[in-house]
Amino acid sequence: MLSAILQHGKGYHEMGPIRPPSEGKDRSLLVRVTRNCPWNRCEFCRTYKNKTYSLRGVEEIKADIDTVKALAGEIKAVSWRFGFRGVIGQEAVGAFINENPALYSRAYNNSEIVERRLESLFNVVQWLSSGARTVFLQDANAPQIRTADLVEILCYLKESFPTIERITSYARSKTIARKSPEDLKRLREAGLTRLHIGLESGCDEVLAFIKKGATAAEHVLAGQKTRGAGIELSEYYMPGLGGKKWSRKHALESARVLNEIDPDFIRLRTLVPRQGTPLYERIGSGEFELLTEDEVVEEIALFVEHLDCHAYLVSDQMCNLLWEIEGQLPGDKPAILKTIEDYLQKPLHERLKIQLERRLSSYLFIAGRLDRDLALDVELAWDAVNRGHPDAPSRVQKVLDAIKPAFI
Ligand code: SF4
């Protein structure tokens, strides 16, 4: 059993740090095609800071796919042998780990290898238990590799796992804009079903300021090429990214660009400044003025008002305040705008309560607890909000400033 899993590599398949929340929800298998980001200059992003971009060889990636196949086969076999009738539940996974001390015991392996093997195992287990239907190619821009190589990887995945229905990847507009329509069609035919593109903004001033490395025209070209090749498209708009200076133009130009693209999905991913990013420094120096929570919501209202396309709009990121913004455009636009308006019409202390409650629940999900100073600030903020004290907005803001940089 051991040799079957180890014969293709180190007993794990390599994974990168992130995937879109929708891929997490669908429990996609993660297949790392490249490491890190070939651009790595966006001013708000720290995911791959100080990490070097590199390609992975096709044979190396195929060996990862073979490892996943061996793991899947062995876990299923253990499930049957132990009387779980092929079901991959906790008991079957526990039995599989106990059966393989040479793979998972720290007595025989260093901790880092064991961690990687367990992460890989849990990704495979989750994927199997959801029907082994979806795959996400990592890291930031898998289509950067040669089209022929990506076609080979896609074909190998589909041959290895006939249950696969959807294969998706992040992509940069610059890369997709340079691909020929024939190359994109080849990728679609080989099994690439959806691209996730970080539009962030359709406003050229904002794109230049945050060093996105793509213009609004390139976003439109890449989006239209993707759709033209029959590949589904998920575009990410970042409310707040224009700061106070460009908020209005950022909303209007982003809506215009997305209308021209007409993607399948528009996902909101509100700007949350993170320590260690160039943008965070610019906020500190006063060069960039952040919007308040309510100003961001107003900007989203303006953006939605000007959308005239057929996308499914969704707010599925932890960094958003209003997770309930969701619906199929254009039909659900009035209902979405009403959801936003309902929030904006609430009295100030109710809006502050919503901000505090939602941001704290996200923070506790990540951090697990509040440290003593933060707990005291939270207590003071709740007290001010509940008493309708004039200090309430600044007390809530202090808590938000402390917890939001931790958001993923
Ligand atoms: S392209 Fe994506 S991953 Fe790369 S720096 Fe920009 S936001 Fe980050």
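None of the figures in this text is laboratory data; all of them are computed from the coordinates on show. This one's a predicted model, so the numbers in the text were calculated from it and none came from an experiment. Here the Cβ is made from the backbone with ideal geometry for all residues, glycine too, and neighbour counts use every protein chain on show.
General observations
- Normalising the average separation of contacting C-alpha pairs (under 8 angstrom, six or more residues apart) by the number of residues puts the relative contact order of the stretch 269-408 at 24 percent.
- Debye, to nearest 20: dipole size of the stretch 352-406, +1 on Lys, Arg Cβ, -1 on Asp, Glu Cβ: 180 debye
- Rounded to the nearest 20 debye, the dipole magnitude of the chain is 920 debye, with +1 charges on Lys and Arg beta carbons, -1 on Asp and Glu beta carbons, and the Cα centre as origin.
- Compared with the direct C-alpha span, the chain from GLU205 to ALA77 gains 40.4 nm at full extension, assuming 0.36 nm per residue.
- Taking 25 Å as the straight-line reach from the Cα of LYS10, the lysines in range (excluding those fewer than 8 positions away in the same chain) are LYS51, LYS62, LYS69, LYS76, LYS158.
- Local electrostatic count, ALA77, Cβ distance below 13 Å [Lys/Arg +1, Asp/Glu -1]: +2
- Exposure proxy for LEU400, LEU154: other Cβ atoms within 10 Å of each Cβ, ordered fewest to most, give LEU400, LEU154.
- Count of Lys pairs (Cα-Cα under 20 Å; at least 8 positions apart or interchain) in the stretch 172-345: 14
- The stretch 286-364-the stretch 380-402 distance, computed between alpha-carbon centres (Å): 20 Å
- Summing charges over neighbours of ASN109, with a neighbour being any other residue whose Cβ is under 11 Å away from its Cβ, gives +2 when K and R count +1 and D and E count -1.
- By the Cβ distance rule (another cysteine Cβ under 4.7 Å), the unpaired cysteines of the chain are CYS37, CYS155, CYS203, CYS309, CYS319.
- Cα lying deepest toward the dipole's positive end in the chain, options ALA367, LEU271, ALA70, charges on Cβ: ALA70
- For peptides 312-320, 27-35, sequence by mean Cβ density within 10 Å, most packed first: 27-35, 312-320
- Length gained when the stretch SER129-SER361 is fully extended (0.36 nm per residue, less Cα-Cα span): 80.7 nm
- Over the C-alpha trace of the stretch 105-257, radius of gyration and Dmax come out as 18.8, 59 angstrom.
- As a proxy for reagent exposure, ranking TYR48, TYR170 by other Cβ atoms within 10 Å from fewest up yields TYR48, TYR170.
- Cα pair distances exceeding 15 angstrom across the stretch 352-406, given as percent: 39 percent
- Burial ordering of GLU218, GLU119, fewest other beta-carbon atoms within 10 Å first: GLU119, GLU218
- The alpha carbon gyration tensor of the stretch 172-345 gives principal lengths a ≥ b ≥ c with a/c of 1.5 or higher and a/b no greater than b/c, which makes the shape oblate.
- Each helix, a run of at least 4 DSSP H residues, gives -39500 (n - 2.57); summed and divided by the residues of the chain, these come to -16500 deg cm²/dmol at 222 nm.
- Relative contact order (%) - the chain, alpha-carbon pairs under 8 angstrom, separation at least six: 13 percent
- The distance from the alpha carbon centre of the stretch 90-127 to that of the stretch 204-222 is 43 Å, rounded to a whole number.
- Per residue convex hull volume, Cα atoms of the chain, in Å³: 158 Å³
- For the stretch 352-406, the relative contact order works out to 49 percent when only alpha carbon pairs closer than 8 Å and six or more residues apart are counted.
- Between the residues TYR236, LEU150, VAL385, the greatest Cα displacement towards the positive end of the dipole of the chain, with unit charges on the Cβ of Lys, Arg, Asp and Glu, is found for LEU150.
- Alpha-carbon centroid distance for the pair the stretch 149-167 / the stretch 224-249, whole angstrom: 28 Å
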